[in-house]
Amino acid sequence: MSHSVTITRTVTTSNTTSTLVVNTGYLKTVPGLLKLVQLILGAVCVGLASWYYNNRYDYTPSLFFLLMATTFLVGTFCLLVSCLFSLSTGGIISKTIYELIYHSIGAILLIAASITLLIHVNKNNNSYYHEKFLIAAIIGLINGILYVVSAILARRSYRGI
């Protein structure tokens, strides 16, 4: 089964030793924009959760949230960098089942971690960390929803719809 690969605009920067090709056109596509927003929201979640994490109390839900946010921040960063620095990766990887599996698992785990943290924060709302973890959990839910959208787009791309 053959697939067509569309390569959009590129910017080439060259120096004396090597040439760096950046596929900036990928960021103008819906999957590229979604990955960029997921990366930014993931960085905010990891920043908030790690800054206010305190292991002296029972913060197992915040640790779970921090681990899931960090895991998918790193994975999304790797996907985005791969698509930006390889002309064919953005068009080819979306045709495989990898993105469908990655975004589906990311959506499930981020939403589960965010809901778990929301429940924990609402039970212990007298804590100093209440607002910070509440904000992180809400941003995590939004990020999980973006992963659902990415999974839907990956399924359509994988099935050729």
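Some observations on this one:
- Per-peptide average of other Cβ atoms within 10 Å, ordering 86-93, 100-107 highest first: 100-107, 86-93
- If you wrap the Cα atoms of the stretch 52-102 in a convex hull and average its projected area over all directions, you get 4.4 nm².
- Simple spin-label estimate for Ile105 and Trp51 gives 3.0 nm between the two label positions (7 Å along the Cα-to-Cβ direction from each Cα).
- The alpha-carbon of Lys123 sits under 16 angstrom from the alpha-carbons of these lysines, leaving out residues fewer than 8 places away in its chain: Lys132.
- If you sort the three axes of the alpha carbon gyration tensor as a ≥ b ≥ c, you get a/c of 1.5 or more for the stretch 113-154 and a/b above b/c, which makes it prolate.
- Coordinate range of the alpha-carbon atoms in the stretch 16-161 per principal axis, descending: 54, 43, 20 Å.
- When the residues Phe64, Phe85 are ordered by accessible surface, computed with a 1.4 Å probe over the protein chains alone, the sequence from largest down reads Phe85, Phe64.
- Here the stretch 43-127 is treated as an ellipsoid with the same Cα gyration tensor; its semi-axes, largest first and in whole Å, are 32, 14, 8.
- Heavy-atom accessible surface of the stretch 76-130: percent carbon and sulfur, 1.4 Å: 70
- Accessible surface for Tyr98 stands near 110 Å², nearest 10, in the context of the full protein assembly shown (1.4 Å probe).
- Most to least accessible of Glu99, Glu131 (protein chains only, probe 1.4 Å): Glu131, Glu99
- Taking all protein chains as shown and a probe of 1.4 angstrom, Leu27 keeps an accessible surface of around 50 Å².
The values are calculated or read from the model by the stated rules, or taken from the named source; none is laboratory data. Every value quoted in this text rests on a predicted model; they were computed, and no experiment measured them. Here the Cβ is made from the backbone with ideal geometry for all residues, glycine too, and neighbour counts use every protein chain on show. Areas reflect the complete protein model, heavy atoms only, side chains present, ligands, DNA and RNA absent. Shrake-Rupley method; radii C 1.70, N 1.55, O 1.52, S 1.80 Å.
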